[in-house]
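Reviewing the structure listed below.
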Amino acid sequence: MLEGYKKLSIKANKEISTNIFEIELEMKIEGDIKPGQFFMIRGWEENDPFLPRPISIAGVGKNSITFLYEVRGRGTHIISKLVAGDNLDILGPLGNGFSLDKPGKKAIVSGGIGIAPLVYLLKNLSGEVDFYAGFRSEVYWREKIEKDSNYVYISTEDGSVCHKGFCVDDFDPSKYDEVLTCGPMPMMKRVLELCEGIVPVQVSMESKMACGIGACLGCTIETQDGMKRVCKEGPVFNGEEVIF
């Protein structure tokens, strides 16, 4: 096992939509795990793939932790084949999460697998929260966002469910005191354009990572204050910081 990693047992690993998996691990929760933080996860012993995968925290129970992931390559394909009782090596929680301090009405805007950290965020927010969720075609975790949101707006690119188009098509930032978003880069860029000069935004960025602890500089992004590491200074940034 890699230094600093813990070996955890899988409670469940199920496909909830095409190539979208929900995995729950047995874990004794120690200390705070903040919405927006992530773990480095490895589900294989050999060195191919060489690097672990960064996956955002989607839920925390009394003695378990849940992740939502999309099968995109060899690493996530291997993880998707694991079953209850198998083990994963994980390191975390890592990174800086969302700030929960700002009062007022909030909007959460998610695109695709970007919904993962935002569902956990939703459970940790107080006050009135509206949730805008966009998908390509199949909708997942709808019941989770409807349970804790004041208002839910769902869109699919092919129009198979609810609004045909994108979740920001009818988004009015002037109704909110803060916006929190995670999803594809073009979507988050559009959110920032709509919110500029109107309402502050927190963005959860995604980048390929090697170490997850800030040592390798492989996940740096361009910001107004120079290059910053997604794994260390992020993944969550103030929207005005990030240069898309």
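The values are calculated or read from the model by the stated rules, or taken from the named source; none is laboratory data. The model shown is predicted, which means the values in this text are computed figures rather than measured ones. Note that we place each Cβ from the backbone using ideal geometry, even for glycine, and neighbour counts take in every protein chain shown. Note: areas computed on protein heavy atoms with side chains; ligands, DNA, RNA excluded. Shrake-Rupley method; radii C 1.70, N 1.55, O 1.52, S 1.80 Å.
Checking Glu30, Glu22 one by one, the residue that is in a strand (DSSP E or B) and over 19 Å from Cys211 (Cβ atoms) is Glu22 and no other. Would you please name the residue that is surrounded by the most Cβ atoms within 10 Å (Cβ to Cβ), looking only at residues in segment 35-56 that are touching a residue at least 40 places away in the same chain (Cβ under 8 Å) and assigned to a loop (DSSP other than H, G, I, E, B)? Looking at residues that are touching a residue at least 40 places away in the same chain (Cβ under 8 Å) and assigned to a loop (DSSP other than H, G, I, E, B), I get Gly36. Of the residues making up segment 57-78, those that are modelled with pLDDT under 95, outside any loop (DSSP other than H, G, I, E, B) and open to solvent by less than 50 Å² (accessible area, probe 1.4 Å) are Gly75, Thr76, Ile78.
Confirm whether Ala84 is in a loop (DSSP other than H, G, I, E, B), among the aliphatic types (A, V, I, L, M) and out of contact with any His (no Cβ under 8 Å at 6 or more places or on another chain).
On the way: in a loop (DSSP other than H, G, I, E, B): yes; among the aliphatic types (A, V, I, L, M): yes; out of contact with any His (no Cβ under 8 Å at 6 or more places or on another chain): yes.
Yes, satisfied.
So which residues in segment 174-216 are of a type in the set (Val, Ile, Thr) and within 13 Å of the chain's Cα centre (by Cα), if there are any at all?
Result: Thr181, Val203.
Within segment 214-232, the set of residues being surrounded by 14 or more Cβ atoms within 10 Å (Cβ to Cβ) and not in a loop (DSSP other than H, G, I, E, B) comprises Thr220, Ile221, Thr223, Lys228, Arg229.
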